[in-house]
C-alpha cells in the first residue's frame, strides 16, 4: 500500500523513529531540504535508507530551482542561476530556451547521481508588477508565452536526465501580493485576466507529469478557499480550463496560508481533488496527523502516479563536463 502524501525528514540521516514511521505510514515519497543535505554520499545514503524502509523505489523530491531556491549547494554542487536569468542572458528566445534546457539537464545529472528523482521545477508563475517578491526572479518572465516556453525547456532538460519535473504553482502565484509561506494571498483579478496571463503557461504545459498547487485565493473562482483546498478551482480550472491530468500535489501543508489542524488540511486537500498532499517541515507529530488524513493512493490518482513514474528511465546520453562548460560560457 502507498498513501497519498509526501513527507519531510529531520536531518542528514534517517532516524530510527522516522524509519518506523515510513514503514507504517507508507508515504508516496519524501522531500529533502537543506537540513537533509550533507556530502554527496550522505544524500545518496539517506535516499537509500528511505527506500529500504519503504521497501520500494520511492520518489525522492527536492526544490532545486537555482537562484535563492537551491537545496544542494556549494561546496559539493555548482550554483545555478535564477529562472529570470535565462531571458536576460540570451540574445533570442530560442537561445534562452536552449540555456534553460541545458541548465535543467545539468541539475538532473546532479540529482540522479545522489538518487533524487523529482525536482519541483519549473516555476510557471508569470511575474507581475506590484506582486510580492516571493516569486520574483524565480519566474522566467513577465510574458506568459515566454514563461511557457522556457518552463517547457527546463522540464525537457529534467526529463532527459531521468528526473521528473513538477510545474508550480498551479493555477498561478505570480500576481499574489503576499507570501503564502506567511499568510494567505487573495487575488481579485477577473477570470479573463487570469486565463490570459496566469493560467496560460500551465495550459501550454498541461501534458507534464506533475503539478503543485498554489495556496492562493482567486475571488473570481472561489472566494472562500485557496486553490489547494478548493474543489471548484481543482475541477473547473486545473482539470478543466487548464486541462491538466497529471499527478497533482499540494504545496507544503505547513505554510501559514492554510489553517486548521494537519489532518484536516490533508483531508480538505484530498477532498478538493489533489492526488497527493505535501508536508515538508520534518516534524514527525505533524507528519503523523497528515498521514491520518491521507488515503491510500488509488483510482485516477494511482493511474497518474504510475504514468509519471513511468517516465523516469528515459535518460538521454549526456556529457556533464562539456555541458557545464557550455553553460558557464553562455552565462559569461
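The values are calculated or read from the model by the stated rules, or taken from the named source; none is laboratory data. In this text the structure is predicted, and so the values were computed from the model without any measurement. Don't worry about glycine lacking a Cβ; one is built from the backbone with ideal geometry, like all the others, and counts go over all protein chains shown.
Among what's in segment 11-23 and is within 26 Å of residue 247 (Cβ to Cβ) and in contact (Cβ under 8 Å) with a residue 40 or more places away in the chain, pick the residue that is surrounded by the fewest Cβ atoms within 10 Å (Cβ to Cβ).
Taking the candidates together, the pick is 21.
Residue count for segment 128-140, restricted to those that are touching a helix residue (DSSP H, G or I) at 6+ places or on another chain (Cβ under 7 Å) and surrounded by fewer than 23 Cβ atoms within 10 Å (Cβ to Cβ): 1.
Evaluate segment 109-124: report whether one residue or more is out of contact with any helix residue (DSSP H, G or I) (no Cβ under 9 Å at 6 or more places or on another chain) and surrounded by 24 or more Cβ atoms within 10 Å (Cβ to Cβ). Looking for residues that are out of contact with any helix residue (DSSP H, G or I) (no Cβ under 9 Å at 6 or more places or on another chain) and surrounded by 24 or more Cβ atoms within 10 Å (Cβ to Cβ), one finds at least one in segment 109-124, hence yes.
Whether a residue is closer than 30 Å to residue 191 by Cα and either crowded, with 16+ Cβ neighbours inside 10 Å or in contact with a helix residue (DSSP H, G or I) (Cβ under 6 Å, 6 or more places away or on another chain) (or both) was assessed, and residue 254 passes this test. Meeting the requirement of 1 or more residues that are touching a strand residue (DSSP E or B) at 6+ places or on another chain (Cβ under 8 Å) and more than 30 Å from residue 16 (Cα to Cα), the helices (runs of 4 or more DSSP H) wholly within segment 246-332 are 299-309.
A residue that is surrounded by fewer than 23 Cβ atoms within 10 Å (Cβ to Cβ) and within 20 Å of residue 312 (Cα to Cα) can be found somewhere in segment 2-10. Restricting attention to segment 228-246 and to residues that are touching a helix residue (DSSP H, G or I) at 6+ places or on another chain (Cβ under 6 Å) and farther than 17 Å from residue 201 by Cα, the residue that is surrounded by the fewest Cβ atoms within 10 Å (Cβ to Cβ) turns out to be 231. Among the residues of segment 33-59, those that are closer than 19 Å to residue 279 by Cα and surrounded by fewer than 17 Cβ atoms within 10 Å (Cβ to Cβ) comprise 33, 34, 35. Across segment 312-330, the number of residues qualifying as surrounded by fewer than 16 Cβ atoms within 10 Å (Cβ to Cβ) and either under 23 Å from the mean Cα position of the chain (by Cα) or at pLDDT below 95 (or both) comes to 4.
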